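Student: Dropping a structure here in structure tokens format, bear with me for questions.
The values are calculated or read from the model by the stated rules, or taken from the named source; none is laboratory data. Since the model is a prediction, treat every value here as computed from it, not as a measurement. Remember, those area values only see protein heavy atoms, side chains included, never the ligands or the DNA or RNA. Shrake-Rupley method; radii C 1.70, N 1.55, O 1.52, S 1.80 Å.
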Amino acid sequence: MSRKETRTQLIEPRSECPRMYGKETRTQSIEPRSKKDVVEDSSSDSDFVAEEISRDEEIADDICFESYVDKDEKLIENYESDFSEIETDGESEAEAEFESAPLDCEHEHNNMFNETRKNIKVIKNDGRRVYGKCLGLNYEWRINLLKVENEQSWQVREYQFKHKCSETMNVSNVKSNWLVKRFEDEFRSDAKRSTQGFRLDVIRHIRVNVSHTQAYRAKRKALYKIDGSYESQYAKLWDYANALRSSNPRSTVIMALEETSGFNVPKRFSKLYICFEAMKKGFHSGGRLIIGMDRCFLKGPHQGQLLTACTLDPNNDTYVIEYAVVKSETRENWEWFLTLLKEDLMIERTGLYIFMSNKQKGLIPAFEMVFPGAEHRFCVRHLHGNMKLAGFKGSVFKNALWTTTRASTIPEFYKAMEDIRKLDPSCLEWLHDKPSSQWSRSHFKIDLKCDILTNNICESFNSCILDARDRSILTMLEWMRQYLMKRLTTYRDRAERKWEGRLLCGRIAKMLDIRTNKAVDCIPLKSDNWNNEIDCFDGSRFMVDLRAKTCSCRKWDISGIPCKHAISAMYAQGLNHEDFIDKCYTVERYGVVYQNNIKPMDRPELWNKTSYIAPLQPNFGRRVGRPTKARRQQGHNQRTCVSKKIVQELNHKSPVNNHEAEVDDEMTQAEVMTQEGSHLPFSGGSVSQEDHLE
């Protein structure tokens, strides 16, 4: 029998070969045989099994085929070709190693030839026979496989392994299904990778051409394989709610359904509310009495909106209390959300709380219904947006508005309003319609120790979950749960390790250092052990009472952090300024807030099945146009603005410019948070009042 005649090989199942796992494969050797050693059965044309022949140690041209079969799963992901040159009768031949899986031979052929960049056509694949041949010029390569009856084994009937065609970039065996199996792990690690970026990665790694359509289909199929269908995730919501309550007892998980038309038709998903027990305890242990309310759009297949309620922790970080998925932002949904918030937090005396929002649609009437008598603040950033819509545009009006909002005393407030009247009397009339207690520090209460002007308490959380907002509902909810679980653990470890032995939280200590450096501009005049008169180089004068922890500038009264006037009086008497900071900023209070934790959960396959009828996917509808991925930015970029110099000249000439240099010469709480937030894990929870400024 010559070298080029057909050889047959029996591929045994893995159960008979314990070493056949992973890349450890069983090797069998077929030796060249003489005519007297060959046993042929001409009466049978079904199976050709190669019998073992006595080995001749002097023959050096062994041809080895390595393969393994997995009965339960496909272990093969990539084909690795290893060509070794063997000298036989003066000519060189290549030995090809191939791996096969019994349930998907066509995929393994594609896997093999896409890696080697050869065009192979599968002539037949009916589950019992697999025939393949090369599409090159010479058509010499071919392989025939036959499945062994009653076994999970495949018999190599014919195999001509020599390729004479050259490699090519245009491989017809590259299909979207093959790309899914080849790059599934990459999509698991980065589900938001772009189609064009994925296409370029495929071309770079396996050196084959892939069209944009193939890459798009592969990405869509991979995400479907990872997350499952969107409809199936809604069908698992009852199981998810039960698993969530089982792993985190006393957590609130409420799902509302709506009736559907038709007989014996399941109900349709309407809204879902989640509040973890750990977040409730943290709020009652040391949370501030200011709660921010906001909503953000969900960009997944079924749209909807996410309502959130957040507060501030002792480090002025965002602390998420609860969230809910609803169809749209309406008064009914806000009332439902606020009622559940009131029950979970056990709020009875509503007058002690302050709520900050952007005055979303239906929110103010809902507040009046659920929290009568509660104080309400309006985000100044959105107030400025409304001012621009009213026709008062430009940086001159913007700076005048922010000067008015930062004014901490009544005289400063009236002076800033007079400057606005000089710019445009109609702008002053427009501001008079808004209660000053909702947007100016001069009218803020002093018992809550919070001077924030924007609703970045919630805005920062919305930006953190941007990667989850375009996923299906179950994937999004799990992403948010894991995010909060990691956030609690990270901040708890910070209090126990990084801040051990310290009195104040990191951001508060940094803010205090900044005010301490500015205390050199003040000259204290002692009246007694507690009362001082402070003269500043700019001609201003203030009174400080250390016992009552007040200053006539009201910055200490509003925030609970000593101002530069109070710090100068403390230094004059040799007192430690850290002892005069409100207790809500201490590391001890910080550790109490984050001492609770969200318990882990099992994977969906291990959830207990509930007896509830699975709800249908919601009918929220789609907004007009292509879904947006990037967040909408307000204002212009001063760095790239061509009229930057003109704007600066107008600011110098404006009547509010001189007063602006005097008002709020210290860094606010939010400015310190903005600078430090980029150095912290999960820094998206930081609060920033000045991020709207160019």
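Student: Spelling out what I want: for every residue of region 386-393, take phi, set θ = phi - 60°, compute 6.51 cos²θ - 1.76 cosθ + 1.60 (Karplus), and round to whole Hz; glycine and proline get x.
Tutor: Rounded to whole hertz, the list is 5, 5, 5, 5, 7, x, 9, 9.
Student: With just the Cα atoms defining each centre, how far is region 498-564 from region 435-481? Give it in Å.
Tutor: Between the Cα centres of region 498-564 and region 435-481 lies a distance of 28 Å.
Student: Taking only protein heavy atoms and a 1.4 Å probe, what accessible area per residue, in Å², does region 512-552 have with all protein chains in place?
Tutor: Numbers: 2550 Å² over 41 residues.
It amounts to 62 Å² per residue over region 512-552.
Student: Let me ask you something else. Mind jotting down the distance between the C-alpha centroids of region 286-328 and region 235-275, whole Å?
Tutor: Distance between centres, Cα-based: 20 Å.
Student: Mind scanning K280/K609; K267/K609; K281/K549; K281/K359 and naming the pairs with a C-alpha gap bigger than 20 Å?
Tutor: In this structure, K280/K609; K281/K549; K281/K359 exceed 20 Å between Cα atoms.
Student: A follow-up question, please. Would you kindly find the accessible area of M369, with a 1.4 Å probe and non-protein molecules such as ligands, DNA and RNA excluded, rounding to the nearest 10 Å²?
Tutor: Accessible surface of M369 is approximately 110 Å².
Student: Oh, and also: Over 21 Å between Cα atoms, which of K388/K434; K175/K225; K181/K236; K434/K583; K327/K388; K124/K219 qualify?
Tutor: K181/K236; K434/K583; K327/K388; K124/K219
Student: Follow-up. Could you tell me which of rounded, prolate or oblate describes region 416-467, using a ≥ b ≥ c as the square roots of the eigenvalues of the alpha-carbon gyration tensor, with rounded for a/c under 1.5 and, failing that, prolate when a/b is larger than b/c and oblate otherwise?
Tutor: Note, shape of region 416-467 comes out oblate.
Student: Assign one of three labels to region 299-345, namely rounded, prolate or oblate, based on the Cα gyration tensor with a ≥ b ≥ c the square roots of its eigenvalues; rounded applies when a/c is under 1.5, prolate when it is not and a/b is larger than b/c, and oblate otherwise.
Tutor: oblate
Student: Find, to one decimal place in angstroms, the Kirkwood hydrodynamic radius of region 194-254, where the mean of 1/r is taken over every pair of different Cα atoms and then inverted.
Tutor: 14.4
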